[in-house]
Amino acid sequence: MASVVEYKGLKAGYHCGYCDSEEGKVSCGMWAHSMTVQDYQDLIDRGWRRSGKYVYKPVMNQTCCPQYTIRCRPLQFQPSKSHKKVLKKMLKFLAKGEISKGNCEDEPMEPTMEDTVAGDFALINKLDIQCDLKTLSDDLKESFEGEEKKKGKSPKKEEPKELIQSQHIEEKLGSGEPSHPLKVHTAPKPGKGADLSKPPCRKAKEIRKERKRLKLMQQKPAGELEGFQAQGEPPSLFPPKANKSNQPKSLEDLIFESLPENASHKLEVRLVPVSFEDPEFKSSFSQSFSLYVKYQMAIHQDPPDECGKTEFTRFLCSSPLEAENPPHGPDCGYGSFHQQYWLDGRIIAVGVIDILPYCVSSVYLYYDPDYSFLSLGVYSALREISFTRQLHQKTSQLSYYYMGFYIHSCPKMKYKGQYRPSDLLCPETYVWVPIEQCLSSLENSKYCRFNQDPEAVDEGRSKEPDRLQVFHKKAIMPYGVYKKQQKDPSEEAAVLQYAGLVGQACSERMLLLRN
C-alpha cells in the first residue's frame, strides 16, 4: 500500500482570518487520494497538516501569520490550576448536577479562514480554522484556489469581555471555547500580556513549605527516602504520614475520580473509527451530524446550506489515512477516529483525531453549545492528552500530542502554548525546540528559525529528486525516467518544489500522480 498524492502547487495572496489581511496568506497544498499513517506522520513533522483529504503547508517565511507546528509532551504534562478547575467543574456537574456560574457567556469567535479547494470543500484546519464549505463541483480538474468565508459573519459587537481583556484564552484547538486566563505564568502587568518565558510565580506559603521540606530531608537518614525514589517519585518533602494527601493528583486521578452511585449524570467517551463500514460510526452518524450543524450555526454563524451532510462528510469524515492494525501498535489501530462524548445517552461533543505512529494528532472539535459552561474545548484536550498516555503504555514510541499550529502573532492562538511542556517545529531544519526557548525570538520577529546551530541543515531534505516516485498512466516509475518523456519545462519546477517540501523519504515512498 502506497500513498497517492496530487500536488497542487503554491497558492499566494489570499485572505487570512488571523490578521484579516486581504492577500497575506501563502501556502502549498496537495490532494491525498490515499495516505499511509507513516507518511502523514513524516509530513506533519515537516510542517504539513490535513483538512479532510487536502494536505497543506504554510510558506512560513512569506505568509503573513506564520503557523508553527506545536506538540505537547503528555508523559511530562502537569495540569495547571486552570486545567484542574475545568476537570473539577466536570466532576461536580456529573456528581451533583452543579453548574458553575459565570461560564455561560456567548462564545468568542475563532478566526475565520483557510485554504479552500475550488469546486470541492473548504479546508477547515482543526484547531485554528473555520472556513467556507462549498458544494462539490463535478469537475475536479480546476486548480485549487484560495477562497475564504467572509469575515463579516463574525459578530464583533458582542464579543465577551474575556476576549478583549485577556490575550491568553484557553480553548480547544479552534473550538472557540471561552475560558479564563491560565494562571500558569507570572501575572501580567496592567496593559501587558503574560510573559510566557518567565517561570510561574509562587506563593510565599509554598516557598515556606519547600524550605521546611528541604530541612526535613537534611535531617533524615538517606535510607528513608529510597522508597519514594524507587517509584519514580521525587523524594518526599513531608513526613511519611502526611505524604499521601500532599501528593499532587495526576491528570488521570482528576479525570477518572470515582462518582457516587446516585450521580446526577453519566459521561462515556467512545472511540469510533471514521468509516461507514463501522457499525458504531454508521449508527451514530445522524446524531453526530446534527450536533455539527448546531455547533457550526451557533458558534460560527454558518447558514444551514453551508453545513450540509456533504460538507460535514468531506471535512470531518473523509480522511486519506489508511487504517492499519499492526501487532505492536495500539489496540484500536492507527488511522482517523471520532472520539464521542456521550452524556446520559446522547452525544454532546466529538473530537476528531488521527492516531499516528508517534502521536495523537488533534484535527477538530465540535460540541453542543448548550454545554459551553463545561469548557468542553479544554476538557477534551485534557482527555486527548490522557488518551495519548494510555496508548503509550502499549506502544512506547507513541508519546506526543499534536495540537495543530501555534501562531504567536495572533493572541487568540497563544493558548496552545499553555499545555506544557511543549515544543515548536523549526521551519528550516525541522527539529523540535522547547517553546520556552522560542518565545523571546517570536516577540521580535513573526518568522523565526528556532535551531540555534547556524550550521544545521534540514537532514531530511530532497537530495536525489530523480528517485522520486511518479504514478503516470497506471505505471510507477522514478522521476528520472519520467522526465525524459516530458517536454514542459514548468513541470520540472513543480515536481522539484514538491520534492523539497515533502523531503527525500516521503518523495521515494509516496506516488506523485502526474496526468
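The values are calculated or read from the model by the stated rules, or taken from the named source; none is laboratory data. Please read all numbers here as calculations on a predicted model, not as lab measurements. Cβ sites come from the backbone with ideal geometry, for glycine too, and all protein chains shown count toward neighbours. Calculation scope for accessible area: heavy atoms of the full protein, side chains included, ligands and nucleic acids excluded. Shrake-Rupley method; radii C 1.70, N 1.55, O 1.52, S 1.80 Å.
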On the given criteria, is G417 of a type in the set (G, A, S) and farther than 30 Å from S80 by Cα? no
The strands (runs of 3 or more DSSP E) lying wholly within the range 340-443 that contain at least 2 residues that are charged (D, E, K, R) are 346-355
- Message: Would you confirm, using the coordinates I've provided, whether E107 is open to solvent by less than 20 Å² (accessible area, probe 1.4 Å), within 26 Å of A349 (Cβ to Cβ) and at pLDDT below 95?
- Response: no
Check: Is it the case that P304 is free of Cβ contacts under 8 Å to residues at least 40 places away in the same chain and in the same structural domain as G345 (by the TED database)?
Finding: yes
Residues in the range 418-454 that are more than 17 Å from G47 (Cα to Cα) and surrounded by fewer than 22 Cβ atoms within 10 Å (Cβ to Cβ) total 13
Across the range 494-515, the tally of residues that are open to solvent by 20 Å² or more (accessible area, probe 1.4 Å) and over 14 Å from F471 (Cβ atoms) stands at 7
Those residues of the range 326-347 which are among the hydrophobic types (A, V, I, L, M, F, W, C) and buried (at least 18 other Cβ atoms within 10 Å of the Cβ) amount to F337, I347
Checking P478, P454, P489, P465 in turn, the sole residue that is touching a strand residue (DSSP E or B) at 6+ places or on another chain (Cβ under 8 Å) and either touching a residue at least 40 places away in the same chain (Cβ under 8 Å) or not hydroxyl-bearing (S, T, Y) (or both) turns out to be P478
* Inspect the range 239-260 for any residue being modelled with pLDDT of 95 or more and exposed (fewer than 11 other Cβ atoms within 10 Å of the Cβ) and give the result as yes or no. => yes
When every residue in the range 37-53 that is open to solvent by less than 20 Å² (accessible area, probe 1.4 Å) and more than 16 Å from the chain's Cα centre (by Cα) is compared, the one nearest to Y447 (Cα to Cα) is D39
Sole miss for L512 among (1) touching a residue at least 24 places away in the same chain (Cβ under 8 Å); (2) over 24 Å from W31 (Cβ atoms) is condition (2)
Tell me yes or no: at least one residue of the range 390-407 is farther than 22 Å from L356 by Cα, in contact with an Asp or Glu (Cβ under 9 Å, 6 or more places away or on another chain) and open to solvent by less than 70 Å² (accessible area, probe 1.4 Å).
yes
Considering only strands (runs of 3 or more DSSP E) wholly within the range 12-96, the ones with at least 1 residues that are farther than 30 Å from A494 by Cβ are 68-72
Across (1) polar (S, T, N, Q); (2) open to solvent by 80 Å² or more (accessible area, probe 1.4 Å); (3) in a loop (DSSP other than H, G, I, E, B), S462 clears everything bar (2)
